[in-house]
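Report on the structure given below.
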Amino acid sequence: MSFQTTSTTPATQAGLHPSPAIGAALLSQAFLWMFAGLLLTAGVAFAVGTNDAVMARVGDLLLPIFFGQLALVWAIGLGIRKMSATLALGLFFVYAATLGFTMAVIVSLYTGESVTTAFLSASAMFGAAGLYGVVTKRSLAGLRGTLMMGVIGLIVASLINVFFPSGALSWLISLVGVVIFTALTAYDTQRIASGALVAQTGSVEKAAVLGALSLYLDFVNLFLFLLRLLGNRR
């Protein structure tokens, strides 16, 4: 499944419900780009975390970096039908690289054992949820509204907790976040395999990129909420 700017596979050709072989290939491509993005994030985070001067600079620019990352996600999600698959993939990797700066700062607040525990736990839960999304015969499409409301609720609760800090609320936010992003992993995996993203983006290539972004965000958020829930601060 190559990425070319000259042509794409139309949704009508791929079908709204692709064959199992096409669905498996699309899912494999999405996971491939997702893992590549995670490796890039980890590499950047390691490079930043081992340089005190860069870490200090990133700490000063954390808010602009955060808003820039949001803009990138919105640009990919809303503009993917109008951009080439190559451009969408490039923006995804730019986002993954910039998130390495943010992750370096967050991870530095916790012990190495905590980070390892959270990562392994997130990997296990992500893998189990993704497998469920692929093998279950039950349609998870009906969960979309509930999960989106849950994400919005998490954002609102997190903002409240910033201005009115509460240990109990922080624990509850983390617990609910783990549940929501585990469910989102199963939902997004099924959505990719079913061909829904092909219809949304207009091509198999773009669907793989958007699927990779969705899975990447699911894993990162699952890891961060587990880190807050299980992690020991330095």
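If a residue must be of a type outside the set (A, V, I, L, M), open to solvent by less than 40 Å² (accessible area, probe 1.4 Å) and more than 15 Å from GLY211 (Cα to Cα), how many such residues does region 50-83 contain? Summing the residues that are of a type outside the set (A, V, I, L, M), open to solvent by less than 40 Å² (accessible area, probe 1.4 Å) and more than 15 Å from GLY211 (Cα to Cα) in region 50-83 gives 2. Selection of region 190-224 for residues being assigned to a helix (DSSP H, G or I) and over 22 Å from ALA36 (Cα atoms) yields SER194, ALA196, ALA199, GLN200. Taken together, VAL178, VAL198, VAL156 contain a single residue that is closer than 28 Å to ILE22 by Cα and hydrophobic (A, V, I, L, M, F, W, C), which is VAL198. Only one of the numbered conditions (1) touching a strand residue (DSSP E or B) at 6+ places or on another chain (Cβ under 8 Å); (2) surrounded by fewer than 21 Cβ atoms within 10 Å (Cβ to Cβ) is violated by VAL179, and that is (1).
Taking the conditions exactly as written (hydroxyl-bearing (Ser, Thr, Tyr), surrounded by 21 or more Cβ atoms within 10 Å (Cβ to Cβ) and modelled with pLDDT under 95), does SER170 satisfy them or not? No. Only one of the listed residues (GLY167, GLY202, GLY195) is among the small types (Gly, Ala, Ser) and touching a Ser or Thr at 6+ places or on another chain (Cβ under 8 Å). That residue is GLY202. Please verify whether region 111-132 includes one or more residues that are over 22 Å from SER28 (Cα atoms) and not in a helix (DSSP H, G or I). Among the residues of region 111-132, at least one is over 22 Å from SER28 (Cα atoms) and not in a helix (DSSP H, G or I), which makes the answer yes. Restricting attention to region 94-153, the residues that are buried (at least 18 other Cβ atoms within 10 Å of the Cβ) and touching a strand residue (DSSP E or B) at 6+ places or on another chain (Cβ under 9 Å) total 3. Restricting attention to region 111-134, the residues that are of a type in the set (Phe, Trp, Tyr) and either in contact with a Ser or Thr (Cβ under 6 Å, 6 or more places away or on another chain) or modelled with pLDDT under 95 (or both) total 1. The residue that is nearest to MET148 (Cα to Cα), counting only those in region 182-201 that are more than 14 Å from the chain's Cα centre (by Cα) and open to solvent by 20 Å² or more (accessible area, probe 1.4 Å), is ARG191. Screening GLY59 with (1) more than 25 Å from GLU205 (Cβ to Cβ); (2) modelled with pLDDT of 90 or more gives one miss only, at (2). Listed conditions (1) open to solvent by less than 60 Å² (accessible area, probe 1.4 Å); (2) touching a Gly at 6+ places or on another chain (Cβ under 8 Å); (3) modelled with pLDDT under 90; (4) assigned to a helix (DSSP H, G or I) are all met by PRO18, apart from (4).
The values are calculated or read from the model by the stated rules, or taken from the named source; none is laboratory data. Everything numeric here is computed off the predicted structure, so don't read it as measured data. Positions of Cβ are generated from backbone atoms using ideal geometry, with glycine treated the same way; all protein chains shown enter the neighbour counts. The accessibility values were calculated without ligands, DNA or RNA, using every heavy atom of the protein model including side chains. Shrake-Rupley method; radii C 1.70, N 1.55, O 1.52, S 1.80 Å.
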